[in-house]
Amino acid sequence: YYMFYTGFDDRVPGKQTVGLATSKDLFRWQRHEGNPVYEAPPWADRRADGWIDCRDSHVIKYGDGFLLFTMVSKGEGKGAIALAESKNLIEWKDLGPAVETFKEPESPRVFQHGEHFYMFISSAYGKQLLRAANPKTGPWEPVPFRWPAPGLWSGWEVVEDGNRTIFSAFEWKSFGNHIRFWDVRWKDNVPEVVY
């Protein structure tokens, strides 16, 4: 099992990188000795105080390798989902932005349904559901989507079991976060959530 996580450099407050840990039983985890395995690409914004956004990685298997989608900042109020590829889950090659978007596009989640790939991104600054035929080359185009009741929904997850699709997300609340689950119907390659 491979787990990718956000790490912080104690010597530079706010500098975020992606670490890797592996496990054979999901209980005992070993950090990769070469951590971090991924850092913000050269085109990402680096603030004068040392802060570098590079978090919320999501990995998918694609072709004979893997794709890594990670939230980064571009400066001037813009964000992006950085895209990298790897053959071994350790050495990553920057492929540039998969998509440029609103500030701090948190928790990208990429999944395949049918012949298309979909990407959830959301934060306090915006929310998007995007679709592409090829997750490596794009282009990622907006998909009409009816979002849950007003609130800050993030951390989208997708489970497909046979013909059933379930979406989940958590809502940020000042008195505590909670997670919701919803059934999904598909119509013309567009998900319709049963709220």
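Summary of computed values
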quantity: Rounded to whole Hz, the Karplus (6.51, -1.76, 1.60) HN-Hα couplings of the range 74-91, x for glycine and proline; calculated: 10, x, 6, x, 10, x, 7, 9, 6, 10, 9, 10, 8, 9, 10, 6, 10, 9
quantity: With 5 Å bins from 0: P(r) over the range 1-110, alpha-carbon pairs, percent; calculated: 2, 13, 22, 25, 19, 11, 5, 2, 0
quantity: Of the GluC sites (Glu not before Pro) in the range 111-182, those whose Cβ has at most 12 other Cβ within 10 Å and which sit in DSSP loop; calculated: E115
quantity: Nonlocal Lys pairs with alpha-carbon distance under 14 Å, the chain (8 or more apart, or different chains); calculated: 8
quantity: Size of electric dipole in the range 33-162: Cβ of Lys, Arg +1 and of Asp, Glu -1, about Cα centre, debye, nearest 20; calculated: 300 debye
quantity: Relative pair counts by distance (%), Cα atoms of the range 83-141, 10 Å bins; calculated: 22, 49, 28, 2
quantity: E157/L95 FRET efficiency (R0 35 Å; Cβ-Cβ; nearest 0.05); calculated: 0.90
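Only the coordinates and a few stated rules stand behind these numbers; no lab work does. Please read all numbers here as calculations on a predicted model, not as lab measurements. So basically every Cβ, Gly included, is an ideal-geometry build from the backbone, and we count neighbours across all protein chains shown.
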